[in-house]
2 protein chains.
Amino acid sequence: MTERRRRIVLARRPRGLPVADDFDLLESDAPEPADGEVLTRTVYLTLDPYMRGAMDDAESYDDPIPLGGVIVGATVGEVLASRHDGVSEGDIVEVHGGWQSHAVAPGGAVRKIDASLAPVSTALGVLGMPGLTAHHGLLKVGEPRPGETVFVSAASGAVGATVGQIARIVGCRVAGCAGSDEKVAYCLEDCGFDACFNHRTCDDIAGALRAACPDGIDVNFENVGGEIARAATMQLNEHGRMAVCGTISNYNATDPELVPDPLWWHIVRRIRVQGFLVTDYADDDESARAELAGWIADGRMTWRETFVDGLENAPAAFNRLFEGGNFGKLIVRVGDDPTAG
Amino acid sequence: MTERRRRIVLARRPRGLPVADDFDLLESDAPEPADGEVLTRTVYLTLDPYMRGAMDDAESYDDPIPLGGVIVGATVGEVLASRHDGVSEGDIVEVHGGWQSHAVAPGGAVRKIDASLAPVSTALGVLGMPGLTAHHGLLKVGEPRPGETVFVSAASGAVGATVGQIARIVGCRVAGCAGSDEKVAYCLEDCGFDACFNHRTCDDIAGALRAACPDGIDVNFENVGGEIARAATMQLNEHGRMAVCGTISNYNATDPELVPDPLWWHIVRRIRVQGFLVTDYADDDESARAELAGWIADGRMTWRETFVDGLENAPAAFNRLFEGGNFGKLIVRVGDDPTAG
């Protein structure tokens with residue numbers, strides 16, 4: 001029996017926040033895997049902010065998605081057919097399947113998921129790219145030392161909440177900001193932040209930041225950019241570090257934002273600003289994932305997911321990332337999860 | 001016999017480029033050294049851009065000079081009287097004497113100069129703070145690897161010319177920009193730069209930079225800020241480094257300059273921006289100075305000085321640093337040099 005494949009492709013390049021007409025939903029027979037390939041049925045599709053950059057035709061760290069191409073993204077899939085040694089029908093794997101119900105991939109590019117560690121959806125969150133981003137970025141780029149203050153923006157997000165918890169585990173004071181009172185409460189109560197404020201209801205970001213970080217900031221893990229990033233930069237202590245992970249506040253901007261030139265301030269405080277990608281540290285993925293899984297096993301690390309049902313709802317759900325309507329890791333449930341209890 | 005001391009003090013805080021009325025020249029008897037102190041007669045006074053920041057009452061890495069206080073600065077002096085073991089009358093020392101003809105300092109804060117290495121004025125240049133700034137900043141902050149491209153702005157200056165020569169010695173391709181054709185020729189012919197352009201006569205900074213650095217820039221040693229800094233940032237290669245030493249183009253600015261927010265670009269190219277001060281690496285001063293002296297001894301390192309005679313001319317000479325009228329290390333000859341041939 002040939003399965004039918006549904007896929008969401010880029011119909012045109014978005015201007016600002018994507019709209020429905022920027023995408024097409026196509027349907028056709030699922031492809032067959034060639035020698036060395038596997039065919040997966042998508043169970044979960046992650047939605048991450050970086051995908052917005054790949055929809056543009058500007059220089060970025062990813063190649064632009066071609067017009068008519070499937071939107072990129074990591075997925076958790078069930079292997080329907082394998083022509084690659086070491087991957088078997090029925091395996092649950094992480095694969096860069098994109099926004100589609102079925103994907104064919106080289107067998108060497110899929111990673112088998114150990115369902116005994118945590119629900120398999122976490123392969124897209126705390127035990128996947130966002131968790132590794134937090135781990136590599138905080139520990140290798142931010143280099144926090146015990147007793148220092150770590151500040152993280154978008155603190156309840158898939159990356160931010162993991163950053164905050166790792167910072168707490170390694171002995172730092174942890175502060176953050178998030179976009180709703182419910183998210184703030186989650187950071188404080190579930191993730192163990194020492195301080196967190198709601199940046200949407202706060203009319204003095206710099207003042208709230210000073211109150212949250214009375215000893216200044218030693219490591220700023222930057223997810224947002226814009227006003228919050230500038231306030232955090234101004235409150236970095238001498239020899240402070242800024243791990244630049246994302247600038248979601250301007251991913252839909254059509255004109256560059258102008259800011260006061262920060263270079264002189266970098267000298268005054270001897271600040272190190274380092275942009276990074278999770279893939280820069282891929283050699284350390286497995287050790288970092290093992291450490292994260294250990295913290296989950298001993299109850300020191302939690303996570304939060306929001307599920308949206310149906311591939312066809314991916315475009316609308318995607319915009320929640322930019323409008324604050326999402327909480328934790330945003331995941332599209334594309335098909336049945338055979339591991340779900 | 002009591003010597004007369006002349007000193008230049010801050011009469012008021014400059015707005016923009018300093019003017020004569022911002023300073024007073026006072027005269028009084030020279031002080032006597034107390035126990036543990038030495039009295040020096042100033043031979044050479046260095047003029048450095050950082051002094052402009054210390055004239056302001058804004059947060060910087062230096063405390064502001066108080067109104068009525070002597071303008072700060074390193075000097076080469078002859079010891080007239082010493083009440084500190086290990087420093088003797090007649091010694092030639094480096095001391096933070098400031099803009100005055102005589103200074104009293106703790107004996108532990110003076111450094112005896114080895115006149116056999118080079119003319120003692122180089123204790124204020126290539127073998128002093130500017131040379132150490134270049135050495136620490138390029139090698140420890142920029143971390144250039146052989147075969148990489150290093151770009152340095154203000155390339156004929158006391159710091160820039162040393163940066164370029166060190167980069168050449170460690171096996172890098174070296175490019176720079178300077179503010180006159182004569183300075184450009186000095187960088188190319190005397191300092192061994194591979195490329196250098198005149199940024200004052202160039203109407204396309206980005207284009208000139210591309211031509212000077214056809215393989216992009218791996219390390220940008222930033223002395224200037226502003227348009228040149230932005231062009232260099234945009235041409236940094238992946239994993240490029242920016243050692244931020246100074247932003248002289250805006251030291252006299254009365255309003256902050258607005259620039260396109262660079263954070264996203266830092267991610268795209270995985271750029272590391274690091275502000276630094278020479279004093280951050282003081283533990284390595286002696287080893288760095290020895291290395292610089294070795295390069296001078298074997299003919300691989302040159303330097304250039306411009307002398308101005310008379311302490312009273314320091315304020316007018318100081319502005320040359322910002323107007324491009326200086327060439328190499330700017331030094332005021334305050335008194336006779338007993339080591340001069």
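Observations, loosely collected:
- Dipole magnitude (debye, nearest 20) for the stretch B:129-280, charges at Cβ of Lys, Arg, Asp, Glu: 420 debye
- Shape category assigned to the stretch B:177-266 from the gyration tensor of Cα positions, a/c cut at 1.5: oblate
- Cα radius of gyration and Dmax for the stretch B:232-307 (Å): 17.4, 46
- Cβ-placed point charges (K, R +1; D, E -1), dipole of chain A about Cα centre in debye, nearest 20: 680 debye
- Net charge of Cβ neighbours under 11 Å - reference B:LEU311; Lys, Arg +1; Asp, Glu -1: +1
- Size of electric dipole in the protein assembly as shown: Cβ of Lys, Arg +1 and of Asp, Glu -1, about Cα centre, debye, nearest 20: 260 debye
- Among A:ARG304, A:ARG200, A:ARG41: highest mean-square fluctuation, GNM of chain A, C-alpha pairs under 10 Å: A:ARG200
- Kirkwood-based shape ratio for the protein assembly as shown, expressed as Rg/Rh from alpha carbons: 1.07
- Per the Kirkwood formula applied to alpha carbons, the stretch A:199-341 shows a radius of gyration over Rh ratio, Rg over Rh, of 1.02.
- What separates the B:ASP203 label point from its copies, with the point 7 Å along Cα to Cβ, is 5.0 nm, written shortest first.
- Spread of Cα-to-Cα distances over 10 Å intervals beginning at zero, given as percent, for the stretch B:1-104: 16, 43, 30, 11, 1
- In the elastic network of chain A, a GNM with C-alpha springs shorter than 10 Å, the most mobile of A:VAL95, A:VAL150, A:VAL308 is A:VAL308.
- Any cysteine of chain B lacking a neighbouring Cys Cβ under 4.7 Å - listed by number: B:CYS172, B:CYS177, B:CYS191, B:CYS202, B:CYS213, B:CYS245
- Within 10 Å of the Cβ of each residue in A:271-282, the mean number of Cβ atoms contributed by other protein chains is 5.
- For A:GLU37, residues with placed amide H under 5 Å, excluding near neighbours: A:ARG83, A:GLY107
- Charge dipole of chain A about the Cα centre (unit charges at C-beta), most positive-ward option of A:ALA154, A:VAL104, A:ALA282: A:ALA154
- A Förster distance of 22 Å, applied to the separation of the beta-carbon atoms of A:ALA340 and A:ASP114, puts the FRET efficiency at 0.90.
- In the stretch A:77-187, Rg over Rh equals 1.10, where Rg is the alpha-carbon radius of gyration and Rh the Kirkwood radius from pairwise Cα distances.
- Modelled FRET efficiency - R0 60 Å, A:ASP21 with B:LEU25, Cβ distances, 0.05 increments: 0.25
- Over 22 Å [Cα-Cα, the stretch A:129-280], rounded percent: 32 percent
- Sorted by Cβ density within 10 Å, fewest first, the residues B:LEU47, A:LEU127, A:LEU25, B:LEU321: A:LEU25, B:LEU321, B:LEU47, A:LEU127
- With the convex hull drawn around the C-alpha atoms of chain A, the volume per residue stands at 135 Å³.
- Selected from B:MET234, B:MET242, B:MET301 as most flexible by GNM, with chain B as the system and alpha-carbon contacts under 10 Å: B:MET234
Coordinate-derived values only; no laboratory data. Bear in mind that the values here come from a model prediction, so they are computed numbers and not experimental data. Neighbour counts are summed over all protein chains in view; Cβ atoms, including those assigned to glycine, are modelled from backbone coordinates with ideal geometry.
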